[in-house]
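Below is one structure, written out as structure tokens; the observations come after it.
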Amino acid sequence: MSLFGTNTGFGTGVTGVFGSTTTDSHNPMKDVEVSSPPDDSISCLAFSPPTLPGNFLIGGSWANDVRCWEVQDNGQTVPKAQQMHTGPVLDACWSDDGSKVFTASCDKTAKMWDLNSNQAMQIAQHDGPIKSIHWIKAPNYSCVMTGSWDKTLKFWDTRSPNPMMSLQMPERCYCADVHRCVAIFKDKQNKPTGFALGSIEGRVAIHYINPPNPAKDNFTFKCHRSNGTNTTTPQDIYAVNAISFHPVHGTLATVGSDGRFSFWDKDARTKLKTSEQLDQPITACCFNHNGNIFAYASSYDWSKGHEYYNPQKKNYIFLRNAAEELKPRNKKW
């Protein structure tokens with residue numbers, strides 16, 4: 001019996017170990033390819049929490065599905081199971097004990113996927129697509145928070161069809177013409193201390209909560225732009241599609257419509273690494289619980305409209321050994 005019950009795998013292929021010798025433009029960094037990737041653009045990635053033995057990766061897509069893979073220590077990926085919505089899956093997250101996955105969809109519902117039984121049940125309903133979903137674990141309660149394009153944030157006890165609380169917002173929970181993504185970072189005591197905000201104009205803002213000197217401590221930096229620091233020629237500017245913080249070092253990764261990922265040290269205000277360019281945008285990224293594995297998804301993000309969408313183009317999820325490349329530096333920009 002497997003950890004997640006019966007294996008209802010959606011593919012049988014496995015990938016090679018870290019550092020394959022492939023030279024295709026779809027994988028210029030020669031990272032590990034996750035087997036049986038989704039059939040449409042990949043919207044979200046999330047690794048299992050440390051409470052679960054091993055590493056499991058979930059990915060949601062515009063093909064209306066969420067998939068789960070086991071990532072083995074040798075770099076091989078084994079498809080384990082999948083669940084469907086009736087609309088694109090926009091976000092997914094794990095429960096803190098790793099037994100359940102929560103999924104949010106354009107079909108206006110959120111589901112709870114019990115991995116042991118491989119059963120999924122609806123736990124939330126909105127009047128518009130659900131863009132964001134988070135598991136909240138507090139000392140005296142736990143709940144699921146959903147954010148929707150119906151301009152509400154709702155909090156759900158998974159055992160009840162009605163929300164515990166609903167917050168009305170002035171605008172949608174996701175504003176495509178302003179900001180693309182947000183990620184919280186923590187201090188050395190593991191307490192949330194600020195957030196990074198990515199935008200469609202190739203810029204990331206680092207914002208601290210209650211900093212001693214806001215004008216000095218808060219800053220923005222440019223990223224995911226063509227020509228690097230060359231200011232004599234016109235510059236192509238790309239959207240920042242996702243931000244993820246390293247769970248050990250506190251450094252961060254950004255991925256963009258330019259088809260590159262970059263690693264940054266916000267404290268030293270320096271870039272640690274930029275990847276070669278993939279042949280399509282990078283739409284999502286995440287680190288596993290100990291920061292040894294960096295996962296990123298290569299698929300079309302619709303940043304250039306429908307005329308650039310090629311349904312024949314395969315989507316990929318790649319895994320990279322991130323143990324060394326995310327270590328902090330001591331120099332300034």
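Tally Lys and Arg at +1 and Asp and Glu at -1 over the other residues with C-beta under 9 Å from the C-beta of Gly250: what net charge comes out?
With Lys, Arg at +1 and Asp, Glu at -1, the neighbours total 0.
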Hey, rough spin-label estimate for Thr51 and Asp217, points 7 angstrom out along Cα→Cβ, what's it come to in nanometres? 3.1 nm
Of every hundred units of 1.4 Å-probe accessible area on segment 213-317, the number belonging to carbon and sulfur atoms, as a percent, is 46 percent
Taking a straight Cα-to-Cα line shorter than 13 Å from Lys313, and setting aside same-chain aspartates and glutamates fewer than 8 residues away, one finds Asp39, Asp40, Asp279, Asp301
So, over other residues within a Cβ distance under 11 Å of Met84, counting Lys, Arg +1 and Asp, Glu -1, the net charge is 0
Would you calculate the volume per residue, in Å³, of the smallest convex hull containing every Cα atom of the chain? 157 Å³
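Could you grab the relative contact order for the chain? Cα pairs under 8 Å, six or more apart, rounded to a whole percent.
Once normalised by length, the contact order is 14 percent.
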What is the magnitude of the charge dipole of segment 126-228 about its Cα centre, with +1 placed on the Cβ of each Lys and Arg, -1 on the Cβ of each Asp and Glu, and no other charges, expressed in debye to the nearest 20? 340 debye
Step through the table entries Lys131/Lys216; Lys80/Lys100; Lys108/Lys186; Lys266/Lys304; Lys304/Lys327, compare each Cα-Cα distance with 25 Å, and write down the pairs that go over it. Lys131/Lys216; Lys108/Lys186; Lys266/Lys304; Lys304/Lys327
Sum up the charges of everything whose Cβ sits under 15 Å from the Cβ of Asp127, counting Lys and Arg as +1 and Asp and Glu as -1, but leave Asp127 out. +2
Protection proxy ranking of 278-286, 78-86, 134-142 - average other beta-carbon atoms within 10 Å, highest first: 278-286, 78-86, 134-142
What residues qualify as long-range amide H neighbours of Lys273, i.e. H under 5 Å apart, gap of 5 or more or another chain, H built at 1.01 Å from N? Phe263
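Please give the contour-minus-distance gain from His306 to Gln122: 0.36 nm per residue of separation, less the Cα-Cα distance, rounded to one decimal in nm.
Full-extension gain reported as 63.1 nm.
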Name the most mobile residue of Asn290, Asn116, Asn210, meaning the one with the largest mean-square fluctuation, in a Gaussian network model of the chain with Cα contacts below 10 Å. Asn210
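Could you give the dipole magnitude of the chain about its Cα centre, charging the beta-carbon of Lys and Arg +1 and that of Asp and Glu -1, in debye to the nearest 20?
960 debye
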Taking a probe of 1.4 Å and leaving out DNA, RNA and ligands, the chain shows per residue an accessible area in Å² of 48 Å²
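Calculate for the chain the 222 nm mean residue ellipticity that helices alone would give, adding -39,500 (n - 2.57) per DSSP H run of length 4 or more and normalising by residue count, nearest 500 deg cm²/dmol.
So the helix-based figure for the chain works out to 0 deg cm²/dmol.
The values are calculated or read from the model by the stated rules, or taken from the named source; none is laboratory data. These numbers come from a predicted model, not from an experiment. Because the Cβ atoms are built from the backbone with ideal geometry, glycine has one as well, and the counts that use them run over all protein chains shown. Ligands, DNA and RNA are stripped out before the accessible areas are found, and what is left, the full protein with its side chains, is counted by its heavy atoms. Shrake-Rupley method; radii C 1.70, N 1.55, O 1.52, S 1.80 Å.
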